[in-house]
Amino acid sequence: MNQMPNTPFEALLGASAPTADVRAETMHFESVGKSCDFCVDGILGATAQPAVWAYPCGEAVHKVAMGESGATMDFPIKAGLWYACERCHRYIKGNGWSALAKTMGYPEGHAGHDAWQAFRVARKKGPGYAWPLVPSKTPDVYPAAANAWRDTVAEYDGKAREALDSVELVTVILGTLYARTDVEETVTYLRETVGPDVANEIRARLGNNMFVALYADTAA
């Protein structure tokens, strides 16, 4: 995938998102607690800090020097998620690989663990390619989107209004407005009835290609 994905669905799963404007799409917070892939002890198999960020990576090739002959061997890097704790994420975000290496005990000026170099080859470039795994890290719903939702909902009454009033705006990530309800049936109802109209109205009010993703959080 050469261009920035339009939704977390596309970036995290590597597949095109459903074409409908209103989707029931789960926010993937269940990876919280995975070990950081960048802590040296985590790479070496010991205990690392818990991951709170995920980086989608594409397929790539990592060249590794073999001995002193100058010959190299290509190692394929599969697409997937690489996980980072908050500390390592700060270094990665600032491209501070030497500083991260020093923090992990490598000598001054060292490039760090080979796995880091593999990540740098495979990592998808551009803003938005670090996905929060905890709700507290998700971006806020900016005022224009919140106002568009409020004004659109105000146009409905009856059962549709009741259903829309039960929905909570959660976040906006790369043009997708995420809204949550704790009732699965509400998601189904909105998708099958007024949901597409709500999405189209929000997009018209904002003047862009905002998507609206509804998901049920029955554990809330």
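Taking 0.36 nm per intervening residue step and subtracting the Cα-Cα distance, what contour gain separates residue 147 from residue 162 on full extension?
Value of the extension gain: 3.6 nm.
Sort 140, 197, 151 by heavy-atom solvent-accessible area, probe 1.4 angstrom, most to least.
Per-residue accessible area, sorted high to low, gives 140, 197, 151.
How many percent of all Cα-Cα pairs in region 112-176 sit more than 19 Å apart?
Of all Cα-Cα pairs in region 112-176, 55 percent lie more than 19 Å apart.
Find out how many positive minus negative residues lie around residue 91, taking Lys and Arg as positive, Asp and Glu as negative, among other residues whose Cβ is under 15 Å from that of residue 91.
Computed value for this residue: +4.
Residue 93: which lysines have alpha carbons under 26 Å from its alpha carbon, excluding same-chain residues fewer than 8 sequence positions away?
34, 63, 78, 102, 124, 125, 137
If you rank 110, 89 by how much accessible surface each has, with a 1.4 Å probe, what is the order from largest down?
110, 89
Would you mind getting me the FRET efficiency between residue 111 and residue 49? Use the beta-carbon distance for r and R0 = 22 Å, nearest 0.05.
0.55
Which semi-axis lengths, in whole Å and largest first, follow from the square roots of five times the eigenvalues of the Cα gyration tensor of region 54-110?
Over the Cα atoms of region 54-110, the ellipsoid semi-axes are 24, 20, 7 Å.
For an R0 of 41 angstrom, estimate the FRET efficiency from the Cβ-Cβ distance between residue 192 and residue 93 and round to the nearest 0.05.
0.50
Taking the full set of protein chains and a 1.4 angstrom probe, give the accessible area of residue 87 in square angstrom, rounded to the nearest 10.
Looks like 60 Å² after rounding.
Using all C-alpha to C-alpha distances in region 145-198, build P(r) with 5 Å bins and read off the rounded percent in each one.
For region 145-198, the pair-distance distribution reads 4, 19, 32, 29, 13, 2, 0.
Dimensions of region 76-139 along principal axes (Cα, Å, largest first)?
Taking max minus min along each principal axis of the Cα atoms, region 76-139 gives 36, 30, 17 Å.
At 1.4 Å probe size, with no ligands or nucleic acids counted, give the accessible surface of residue 35 in Å², nearest ten.
For residue 35, the solvent-accessible surface is approximately 60 Å².
The values are calculated or read from the model by the stated rules, or taken from the named source; none is laboratory data. Please read all numbers here as calculations on a predicted model, not as lab measurements. For neighbour counting, all protein chains shown are included, and Cβ atoms are generated from backbone atoms with ideal geometry for every residue, glycine included. Only protein heavy atoms, including side chains, enter the accessible area calculation; ligands, DNA and RNA are left aside. Shrake-Rupley method; radii C 1.70, N 1.55, O 1.52, S 1.80 Å.
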